[in-house]
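I have placed the structure first, in the form of structure tokens, so that the comments after it can refer back to it.
Coordinate-derived values only; no laboratory data. None of the values given here were measured: they were computed from a predicted structure. Cβ placement follows ideal geometry from the backbone for every residue including glycine, while neighbour counts extend to all protein chains displayed.
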């Protein structure tokens, strides 16, 4: 038994190491792809700064270019090496993703508070979707074929099929125009960055404006979770081991949760893990609609040719890629722990 346990442990360690190595290789590929793509873009960020500041002399421009890491030729090994060093600092150690050519501040500094806004917004939306969607799917599966099931499936399909921005625009119209025409103001429909330094009061004022975006994101996204859970559970409830459990006289509640729902926990856990990168990647539409100063809007602004802050866009894309790779690694590890067949496949 001890020998078998040690073999399984070694196999799992080998599996983990392989996944980590693959993840690092993928991050390198993403970083290199970003370097090539943005080097091909038309526009010189330093030239744009020179245009916006008529008092900047060529000498100052040259000094600034060196300071921002743009003094080397575009396709030189030196510039590529500095770029990789910037990205793989992960914003935690110098050089902190490098400097923004637009604000001339550390990219990690500008990213830190915007990332906090985005993670709060889409993190709470994800939690809301899970809390609302999974129980709704379980309830629909327990009432399969009934009017309740049909209503849940129809509602989920509707919210899933309608574009997110359409639901958000309806929310803005209802709370920002219809209710306010009656003198009722419940939720904020536009983002206004609170004045002053970013202390606890600043964050409280910022987060209080995110209620409507969170509600609209939950309404737009809970349907996919409900349908996914409902369909998996319906399939699980038709399996032989569930039929056997019912034949033993177990209560329907015990059969539903202890045998049916328990069997679909691994794929649900994987779905939750893989949805986490969307906390950052899905910010562009919502933050643009509501004018929220988060990662998504920052990325779109940095892409504008009049700004051309490609260091920011590279950093944002690299952070998203890191989240995707990390969450995929966690999902792989979950399956490696929960499903022995994965570990056997890794040994081969």
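List 235, 309 from most exposed to least, where exposure is judged by having the fewest other Cβ atoms within 10 Å. Before the final figure, lay out each step's value.
Values: 235 13, 309 23.
Ordered by Cβ neighbours within 10 Å, fewest first: 235, 309.
Could you tell me what a quarter of the Cα convex hull surface of the stretch 108-306 works out to, in nm² with one decimal place? Mind showing how you got there, number by number?
Values: hull surface 59.8 nm².
Quarter of the Cα hull surface area: 15.0 nm².
Using 0.36 nm per residue of separation minus the Cα-Cα distance, give me the extension gain between residue 182 and residue 247 in nm, one decimal.
On the way: separation 65, 0.36 × 65 = 23.40 nm, distance 5.94 nm.
That pair, residue 182 and residue 247, stretches by 17.5 nm at full extension.
For the stretch 146-220, just the Cα atoms, rotate onto the principal axes and tell me the three extents in Å, largest first.
54, 29, 20
Counting only the backbone N, which residues of the stretch 123-141 are under 16 Å from the spot 7 Å out from the Cα of residue 257 toward its beta-carbon?
Residues 134-141 qualify, since their backbone N sits under 16 Å from the label point.
Taking Cα centroids, how far is the stretch 115-161 from the stretch 238-315 in Å?
Spelled out, the Cα-based centre of one part sits 11 Å from the other.
Using the count of nearby Cβ atoms within 10 Å as a rough guide to exposure, how do 129, 180, 230, 19 rank from fewest to most?
Sorted ascending by nearby Cβ count, the order is 180, 19, 129, 230.
Expressed in nm to one decimal, what extension gain is obtained for the pair residue 119 and residue 193 from 0.36 nm per residue of sequence separation less their Cα-Cα distance? Could the numbers behind the result be given before it?
Working: separation 74, 0.36 × 74 = 26.64 nm, distance 1.64 nm.
Between residue 119 and residue 193, full extension yields 25.0 nm more.
Which peptide among 311-317, 97-103, 166-172, 284-290 comes first, and what is the full order, when sorted by highest mean count of other Cβ atoms within 10 Å? Don't skip to the end; give the middle numbers.
On the way: 311-317: 24.1, 97-103: 22.0, 166-172: 16.6, 284-290: 20.0.
Answer by packing, highest mean first, reads 311-317, 97-103, 284-290, 166-172.
Sorted from fewest to most neighbouring beta carbons within 10 Å, what does the list 325, 21 look like?
Numbers: 325 20, 21 10.
Sorted ascending by nearby Cβ count, the order is 21, 325.
Pop a pseudo-label 7 angstrom from the Cα along the beta-carbon direction at both residue 103 and residue 148 and give the gap in nm to one decimal.
It is 5.0 nm.
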